[in-house]
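Working notes, beginning with the structure itself.
The values are calculated or read from the model by the stated rules, or taken from the named source; none is laboratory data. Everything numeric in this text was worked out from a predicted model, so none of it was measured. Note: ideal-geometry Cβ built from the backbone for every residue, glycine included; neighbour counts use all protein chains shown.
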């Protein structure tokens, strides 16, 4: 398992912009997508508005 930390403008994304349940029509959705806000593995999931490329940093935590 890989854990990735994402920082937006130096802050965590605990209050993302326009968080919502995915529709399955998002780019990157795959054949395993199921409705209801949970991944095929049972984990809660959400989508947020796109963050401009120069406004975030990410790094592997584990």
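Details
- Filtered residue count, the range 24-48, keeping only those that are under 23 Å from residue 8 (Cβ atoms) and surrounded by 10 or more Cβ atoms within 10 Å (Cβ to Cβ): 7
- Residue within the range 3-17 that is at pLDDT 85 or above, out of contact with any helix residue (DSSP H, G or I) (no Cβ under 9 Å at 6 or more places or on another chain) and not in a loop (DSSP other than H, G, I, E, B) present: no
- Considering residues of the range 46-62 that are assigned to a loop (DSSP other than H, G, I, E, B) and free of Cβ contacts under 8 Å to residues at least 24 places away in the same chain only, the residue farthest from residue 29 (Cα to Cα): 52
- Of all residues in the range 24-62, those satisfying the criterion of being closer than 17 Å to residue 5 by Cβ and in contact with a strand residue (DSSP E or B) (Cβ under 7 Å, 6 or more places away or on another chain) are 51, 55, 56, 57, 58, 59, 60, 61.
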